[in-house]
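Any read-out appearing in this document is the output of simple, stated calculations on the displayed coordinates, not a laboratory observation. Bear in mind the structure is a predicted one, so any value in this text is a computation, not a measurement. Because the Cβ atoms are built from the backbone with ideal geometry, glycine has one as well, and the counts that use them run over all protein chains shown.
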Amino acid sequence: MRRTRALPALAAAMLLAACGVQPTGVVPAGPGPSIRATTEMYLLGGLTLYFVSDGRVIPVARPTQGFISPEGALTLLLKGPTEREAAQGLTTFVPAELGRVGVFSGDPTTIVLPFGVRKLSNQAINQLVCTTIAASAATSRTLRSPGVNVTSPDGDVYFQSCKAD
């Protein structure tokens, strides 16, 4: 009986010894992984902003470092395209003087503008809506509605879904 138990163990040891892998010492690889606790849901690594090319609103992937909320994505949108993006023919119809834009999750999500919605072109509103939807979806915020409400101090409320190419 002892022979029967020793035989599989011996076979396994021979297979391991015959595989050709030589033992190595400890290889330094830097610090171990860490977990950062957050109270909000954020995107890490990149985001999608919507700019205008030939009159059409299109998605533009932009790498980022750190955490980006939907509000942060809109702040980057307000800064406009980078020099490289502008050289590729991308522009924005969202005026830089728009200022701080609030985003409130709900059903549907709501974008609150600091001035009247009527001052913005359809492309500008669409840039805001598409960027908000993309950032919200990327941060795991559950979107039940296909669009967002866009509101302003004058009481106007527009519901719009993303209309991008």
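Odds and ends about this structure:
- Dipole moment magnitude, nearest 20 debye, segment 43-161 about Cα centre, only Lys, Arg, Asp, Glu C-beta charged: 120
- Cα gyration tensor, segment 43-161 - rounded (a/c under 1.5), prolate or oblate: oblate
- Projecting the Cα atoms of Ala134, Ala96, Gly55 onto the dipole axis of segment 43-161, where Lys and Arg carry +1 and Asp and Glu carry -1 at the beta carbon, places Ala134 farthest toward the positive end.
- Annotation for segment 52-158: chymotrypsin sites (Phe, Trp or Tyr not before Pro) lying in DSSP loop with at most 14 further Cβ atoms inside 10 Å of their Cβ are Phe115.
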